[in-house]
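The values are calculated or read from the model by the stated rules, or taken from the named source; none is laboratory data. All of these numbers come straight from a predicted model, not from anything done at the bench. Using ideal geometry, Cβ is built from the backbone for each residue, glycine included, and neighbour counts are taken over all protein chains shown.
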Amino acid sequence: MSQLLTRYSVLYESMRSRRVRAEVPKGLDMAASRLATAIKHRRMGLTRLLHDAALVDTLRSEYRSMSDAALDESLRALRERFTRRRQTEDDVRHGLAGVREVARRHNGEEAYPVQLAGALALYHGRIIEMLTGEGKTLTGSLAATLMAWRHRRVHVFTVNDYLAQRDAESRGPIFRRCGIDAGAITQDIQPHERFAIYAKSIVYGTPKQIVADWLRDQIRLGRAGSAWSARRQLAFAGAEDQSPMVPGLRAALVDEADAVLIDEGVVPLIIARSRREDDMAKTYREAAALAGKLDEGPDYLLQHTQRRVELRPRGQDRLRQMFQDLAARGGEPIWRASRRGEELVRQALVARACYIHGQQYQIVDGKVVIVDEYTGRFLPDRSWEHGLHQAVEAKEGLEVTADRETLARMSFQRFYRSYPFLCGMTGTAADATTEMQSVYSRPVTVVPTNRPIARVQQPLRVFRAARDKWAAIAASIEEVHRAGRPILVGTRSIAASELLSRLLTMRGLSHQVLNANFDKDEADVISKAGVGGLSAAITVATNMAGRGTDIKPDAQALANGGLHVLLTEMHGAKRVDRQFIGRAGRQGDPGSAQIFVSFEDELVQRHAPLLARLMRERSREPELSSITLAARLFRLAQWRSEARDRRNRAAVLRQDDWIDKHLPGA
């Protein structure tokens, strides 16, 4: 009977998680929603959080003087009050003080007052900005303990499997001492083993792993409308375990919240299966060949920012003639339908011009693998939709993979809006305050640093041409290296990181490359990236570098000026630049950062091409001596890029709301 009730409870929780999400407000309703969010969370603003953190700090001596038995009894009594939802604000402070002492005894880590303030902000459902190196891992584990006491189950989202496993293991002793268990869901764990891990109070995992498991549950549950009907559905399907793998969605703590909730939030996770062998492979190859015969300008117009192609009258006439020639030579029947043929050629043109090898994708073992443009990581289980993936494969002359049948899909932001309780932390949340409030109804709190920032931000360097910029970057790296300082060089793409690697090799500079091709070496590379002295480390990386880990300069590096961060161009979002620059000067350490740009960079070529060309033509020297106007140009291009991304995310939100309204079981 007890086992049956447990299964029913799990089914009930899972079915409740399928509820219709609140529609994201628009216009005046959005303004009213933001105001309501601000009013609701006003009493827990930064001033109050710092005040409460100071009160927690005053309890340090009380808990430090407790014996192990006395501490365990105090934690047990506090946990019981949280579980029964009878905790007071004083209980929250005592609970945090107790967990802080447990962390000190087990891991030797004693949270600073600003970390206590961050943990309280998370516990009260806020998104916090804590700069790199300020101890988000400890802050998150303190908050997760209190959240698990209160909400019973907490999902902690990390950016990769390594961090999920590392944090679950390193925080495990703290959690167990506080009466809760924790585990990590990684790609290597078999399906039958996942049930036991999801049953734990705290589960670490990547968004892809947890969302995919939740979607598989929804496929198994079908369109059941209640827990009892879901149980019958599972029994009818012959499921060995007649309960979902993920026992409902209660509370979520998101690490790197800006990347997960904003940048990657609109990406749909799709569960699909192969439908049949692709019988249009020849058609995609023919479309790629036809696209190669058209001329940009006379035949078609390319809208690079929207990744769209518009055929001009001359291009349409030329295509009709090509279609007739193909049909006469026994080509595919589809070319007899001009409209469908034009769609395929437009897709091939987009694949040719807007999806570049080494930027949007890489070829691995003869297959096209998507590269995440925000993190620089491979996305091996994803493919582009509507024939775009096949068009890219045809362009590269690879085997055209079979189309797939979608069984279930959901954007990450729609998934996170399903949690009754949501909080998160990152180093760059302030730049996304508006979206956090409007999409997730979560206020953003900027937690002050424990020590003043000593990092030096050096002036922007602007060049006429990319060639001049890359030469200056290599020379600057050599100069910093000779000073005995470690240097982290940020690039926007795999191709750029490999180009710079060749330039450094030509200068005889030993270095490490960290991009999606070498992601398995990430932890090892980052652990050595802070070495200074005669063999000072040079690390060339896409912006995947060390998210969730710190680059710690050694004593020699600190004596020589600390870590230097060099960005080889500005990213489409200011937050990404800040994230990278924040690697230097952690916890009051010395450090510096500098950005190099050129008028040929992708950012200005996409979002301010006319102004970039005008300024380039007016420039006489390879490097500009006066950068005021150029800096404004690049910031304008960055602002336009951010605005475009916001519009794209808003479009996905509207689609999510439509799905929730008309297809609530989808």
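For the stretch 323-364, a residue qualifies if it is under 22 Å from Tyr300 (Cβ atoms), in contact with a strand residue (DSSP E or B) (Cβ under 9 Å, 6 or more places away or on another chain) and assigned to a loop (DSSP other than H, G, I, E, B), and the qualifying residues are Tyr355, Gln359, Gln360. Filter the stretch 102-140 for residues that are charged (D, E, K, R) and over 23 Å from the mean Cα position of the chain (by Cα) and give the result. If the condition is that a residue be charged (D, E, K, R) and over 23 Å from the mean Cα position of the chain (by Cα), then Arg104, Arg105, Glu109, Glu110 are the ones that fit.
Is it the case that Leu78 is buried (at least 22 other Cβ atoms within 10 Å of the Cβ) and either within 15 Å of Gly179 (Cβ to Cβ) or without any contact (Cβ under 8 Å) to a residue 24 or more places away in the chain (or both)?
For Leu78, the condition - buried (at least 22 other Cβ atoms within 10 Å of the Cβ) and either within 15 Å of Gly179 (Cβ to Cβ) or without any contact (Cβ under 8 Å) to a residue 24 or more places away in the chain (or both) - is met.
Specify the residue that is nearest to Gln360 (Cα to Cα); the eligible residues are those in the stretch 529-551 that are outside any loop (DSSP other than H, G, I, E, B) and modelled with pLDDT of 85 or more. Among them, the one singled out is Ala541. Return yes when Glu286 is of a type in the set (Asp, Glu), within 37 Å of the chain's Cα centre (by Cα) and surrounded by 14 or more Cβ atoms within 10 Å (Cβ to Cβ) and no when it is not. In short, yes. Considering the stretch 323-363, and only residues there that are closer than 11 Å to Thr283 by Cβ and free of Cβ contacts under 8 Å to residues at least 12 places away in the same chain, the residue that is surrounded by the most Cβ atoms within 10 Å (Cβ to Cβ) turns out to be Arg340. Does at least one position in the stretch 112-135 carry a residue that is closer than 21 Å to Asp68 by Cβ, in the same structural domain as Gly424 (by TED's automatic domain parsing) and surrounded by fewer than 23 Cβ atoms within 10 Å (Cβ to Cβ)? For the stretch 112-135, residues closer than 21 Å to Asp68 by Cβ, in the same structural domain as Gly424 (by TED's automatic domain parsing) and surrounded by fewer than 23 Cβ atoms within 10 Å (Cβ to Cβ): absent.
To keep it simple, each residue is scored yes or no on (1) more than 18 Å from Ala465 (Cβ to Cβ); (2) surrounded by fewer than 15 Cβ atoms within 10 Å (Cβ to Cβ).
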residue	(1), (2)
Gly562	yes, no
Glu569	no, no
Leu614	no, yes
Ser619	no, no
Pro622	no, yes
Phe634	no, no
Asp645	yes, no
Val652	yes, no
Gln655	yes, yes
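Output yes when any residue across the stretch 449-459 is basic (Lys, Arg), free of Cβ contacts under 8 Å to residues at least 12 places away in the same chain and surrounded by fewer than 16 Cβ atoms within 10 Å (Cβ to Cβ), and no when none is. Checked the stretch 449-459: no residue is basic (Lys, Arg), free of Cβ contacts under 8 Å to residues at least 12 places away in the same chain and surrounded by fewer than 16 Cβ atoms within 10 Å (Cβ to Cβ).
Going by the structure shown, is Leu138 in contact with an Asp or Glu (Cβ under 8 Å, 6 or more places away or on another chain) and either outside the structural domain of Val565 (by TED's automatic domain parsing) or surrounded by fewer than 24 Cβ atoms within 10 Å (Cβ to Cβ) (or both)? Taking the combined requirement at face value, the residue satisfies it. When Ser598, Ser626, Ser592 are checked against the criterion of being farther than 27 Å from Met130 by Cα and touching a residue at least 40 places away in the same chain (Cβ under 8 Å), a single residue qualifies: Ser598. Checked against (1) crowded, with 19+ Cβ neighbours inside 10 Å; (2) touching a residue at least 40 places away in the same chain (Cβ under 8 Å), Leu603 meets all criteria but (2).
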